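Colleague: Handing you this structure, nothing more for now.
Derivation of every value follows stated rules applied to the coordinates shown; laboratory data play no part. Since this is a predicted model, take the numbers as computed values, not measurements. Neighbour counts run over all protein chains shown; Cβ positions are idealised from the backbone, glycine included.
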Amino acid sequence: MNQDGGHEQSVARPNLALFGAPPAFEQELYVGRPNPIDREAFFERLNGVLDRNWLTNAGPLVREFETRIAQLCGVRHCVAMCNGTVALEIAIRALGLRGEVIVPSYTFVATAHALQWQEITPVFCDIDPETHLIDPKRAAELITPRTSGIIGVHTWGRVCDVEGLTALAEEKGLRLLFDAAHALGCSRGGESVGNFGEAEVLSFHATKYLNTFEGGAVLTNSDELAEKMRLMKNFGFIRTDEVIHIGTNGKMSEVSAAMGLTALDSIDRFTDHNRQNHETYRESLQDVPGVRFLEYAQGDKQNYQYAVVEVDPHEAGLSRDELVAVLHKENVLARRYFWPGCHRMEPYRSLFPHAGLLLPETERVAERVIVLPNGMAIDSDIIRTIARILRDATSHADDVRKVVGRARVHLSPPLPRGMEDAPDDAAR
Ligand SMILES: *Cc1c(COP(=O)(O)O)cnc(C)c1O
């Protein structure tokens with residue numbers, strides 16, 4: 001008899017850390033670990049910043065960074081900012097959004113906060129379960145006389161149904177903005193992100209495909225909008241001593257631009273590496289029951305930054321959370337993005353306690369998604385080992401469930417000291 005009072009296992013226990021084996025990885029593997037850059041080139045740019053002693057306020061590196069991002073995306077204007085959230089807030093204000101704005105709940109909480117922070121009500125819209133993107137049919141049902149706009153989110157770098165959303169926005173006279181924090185370098189129908197809706201917002205946070213430590217930008221083809229946002233991100237100054245608009249401090253610093261420019265020099269390497277990783281994930285997860293690797297539409301450009309699987313608990317014999325617990329024990333710090341959905345976070349949970357009733361697909365997907373480690377620190381051997389772990393877990397599902405239940409594994413590790421109020425996906 002073993003300690004559960006059951007019979008001894010007739011087969012050997014699987015080689016999993018959950019059962020006491022050494023973890024598959026000595027070092028923790030993270031989702032969104034910053035991609036390494038050419039340090040020499042970065043330090044050279046930094047020296048230039050210090051030599052010029054021009055640290056911020058539309059310095060030469062920020063302007064160069066804006067030009068290169070605009071070129072990369074084939075868009076007229078890139079307005080660089082201090083982070084993606086402030087870029088969203090400024091774009092929302094520049095577009096004159098007010099009242100209610102339709103957004104997916106299945107997104108990083110900043111998309112909703114950027115509205116609520118300005119006393120605009122985020123109205124949470126369900127997603128298409130196949131793509132994880134805002135569903136224009138559901139959005140149409142949420143329009144009221146108070147609705148002023150729609151914010152689509154290009155989750156995982158998959159571009160929204162921009163045709164459906166554009167048609168809806170035009171028909172109803174709504175403004176259309178995109179949160180493109182995941183989608184730098186992605187395209188749909190041959191058109192690059194940056195050209196959809198009236199503006200699109202990028203994030204260059206440390207965890208993103210391209211980082212500037214902290215940073216963001218708004219892309220737009222509208223001269224008027226770009227002009228307005230340039231004023232807004234610099235307190236409304238048009239020239240020294242002359243303020244012509246309300247504004248805030250949304251400026252990107254030269255140090256951030258130095259990082260961004262250096263990362264841009266390596267961006268093709270990041271994409272190639274991530275694409276190779278995707279191929280390996282796809283192949284090696286094929287024979288893991290109930291674990292479906294999310295693929296991209298053929299033909300369009302991708303950055304392949306996110307390696308996402310959806311767990312079918314019936315087929316896998318284990319829930320998403322049980323599989324994440326197994327992975328964490330092996331030092332694979334997989335994440336449950338965007339669990340539990342914005343509508344189940346404060347203040348939205350209290351403001352809209354019944355929002356979930358209209359979000360069945362969001363709730364289902366949020367219970368099933370695992371984001372796996374990707375990026376330059378992850379290679380094919382690592383990925384095959386991760387697949388092996390998932391395969392072993394599903395083929396010993398009953399034992400895994402018992403042990404996870406007993407161990408009460410923590411799936412949301414506490415934030416590092418001093419970061420307790422930082423975004424959930426804070427870089428480590
Ligand atoms: C990261 C992220 C943001 C916020 O960007 P920051 O640069 O961290 O402020 C907004 N929306 C989505 C979807 C994101 O992933």
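Colleague: Quick one: compute the contact order of region 309-415, relative version, from alpha carbon pairs under 8 angstrom and 6+ residues apart, as a percent.
Modeller: Working: 96 pairs, mean separation 44.3, N = 107.
Answer for region 309-415 is 41 percent.
Colleague: What order do you get for 61, 176 when you list them from fewest to most C-beta neighbours inside 10 Å?
Modeller: The order, fewest Cβ neighbours first, is 176, 61.
Colleague: Taking all pairs of distinct Cα atoms, average 1/r, flip it, and tell me the Kirkwood hydrodynamic radius of region 166-223 in Å to one decimal place.
Modeller: Working: mean 1/r = 0.0818 Å⁻¹.
Kirkwood hydrodynamic radius for region 166-223: 12.2 Å.
Colleague: Additional query: Mind jotting down the distance between the C-alpha centroids of region 60-97 and region 308-378, whole Å?
Modeller: 30 Å
Colleague: List the extent of the Cα atoms of the chain along each of their three principal axes, largest first, rounded to whole Å.
Modeller: Extents along the principal axes: 82, 55, 43 Å.
Colleague: Per residue of region 305-318, what does 6.51 cos²θ - 1.76 cosθ + 1.60 with θ = phi - 60° give for ³J(HN,Hα)? Whole Hz please, x for Gly and Pro, Karplus curve as stated.
Modeller: 6, 10, 9, 10, 10, 10, 9, 9, x, 6, 5, 6, x, 9
Colleague: Between residue 237 and residue 146, what is the spin-label point distance in nm, taking each point 7 Å from the Cα along the Cα→C-beta axis?
Modeller: In this crude label model, residue 237 to residue 146 measures out at 3.8 nm.
Colleague: Further, regarding this structure: Considering the dipole of region 201-275 built from charges on the beta carbon (Lys and Arg +1, Asp and Glu -1) around the Cα centre, which of 213, 262, 240 is farthest to its positive end?
Modeller: In region 201-275, that residue is 213.
Colleague: I want to check the label-to-label distance for residue 312 and residue 346. Put each point 7 Å from Cα in the C-beta direction and report it in nm to one decimal.
Modeller: About 3.9 nm, to one decimal.
Colleague: Before anything else, pin down the relative contact order of the chain: Cα pairs under 8 Å, at least 6 apart, normalised by residue count, whole percent. Walk me through the numbers before you get to the answer.
Modeller: Working: 846 pairs, mean separation 92.8, N = 428.
Once divided by the residue count of the chain, the mean separation gives 22 percent.
Colleague: Right, here's the next one. Compute the Kirkwood hydrodynamic radius of region 39-264, taking the inverse of the mean of 1/r over all pairs of distinct Cα atoms, and give it in Å to one decimal.
Modeller: Evaluated over region 39-264, this radius sits at 17.7 Å.
Colleague: Among 50, 156, 67, whose Cα sits farthest toward the positive end of the charge dipole of region 39-264 (+1 at Cβ of Lys/Arg, -1 at Cβ of Asp/Glu, about the Cα centre)?
Modeller: Among 50, 156, 67, the one farthest towards the positive end of the dipole of region 39-264 is 50.
Colleague: Related question: Given +1 on the Cβ of Lys and Arg, -1 on the Cβ of Asp and Glu, and no further charges, what dipole in debye does the chain carry about its Cα centre, rounded to the nearest 20?
Modeller: Dipole size: approximately 560 debye.
Colleague: Here is a follow-up. Rank the residues 235, 65, 19 as a footprinting-exposure proxy: fewest other Cβ atoms within 10 Å of their Cβ go first.
Modeller: Lowest count first: 235, 19, 65.
Colleague: What is the fewest-to-most order of 241, 223, 321 by other Cβ atoms lying within 10 Å of their Cβ? All intermediate terms of the calculation are to be shown ahead of the outcome.
Modeller: Details: 241 6, 223 10, 321 17.
Lowest count first: 241, 223, 321.
Colleague: In deg cm²/dmol, rounded to 500, what helix-only [θ] at 222 nm does the chain give when every DSSP H run of at least 4 residues adds -39500 (n - 2.57) and the total is split over its residues? Kindly include the intermediate steps, with their values, before the conclusion.
Modeller: Values: 15 runs with 156 residues, N = 428.
The helix contribution divided over the chain gives -11000 deg cm²/dmol.
Colleague: Could you work out the equivalent-ellipsoid semi-axes for region 278-369, taking the square root of 5 times each eigenvalue of the Cα gyration tensor, largest first, in whole Å?
Modeller: On the way: eigenvalues 137, 62, 35 Å².
They are 26, 18, 13 Å, listed from largest to smallest.
Colleague: Additional query: Residue by residue through region 193-209, which ³J(HN,Hα) values in whole Hz follow from phi under the Karplus form 6.51 cos²θ - 1.76 cosθ + 1.60 (θ = phi - 60°), with glycine and proline marked x?
Modeller: So the J values, rounded to whole Hz, are 4, x, 9, 9, x, 8, 6, 9, 10, 9, 10, 10, 4, 3, 7, 8, 3.
Colleague: Under 25 Å between alpha carbons, and skipping anything fewer than 8 positions from residue 137 in its own chain: which lysines qualify?
Modeller: Reachable lysines: 172.
Colleague: In addition: Amide H neighbours of residue 234 under 5 Å, counting only residues 5+ apart in sequence or on other chains, H built in-plane at 1.01 Å?
Modeller: So residue 234 has HN proximity to 248, 250.
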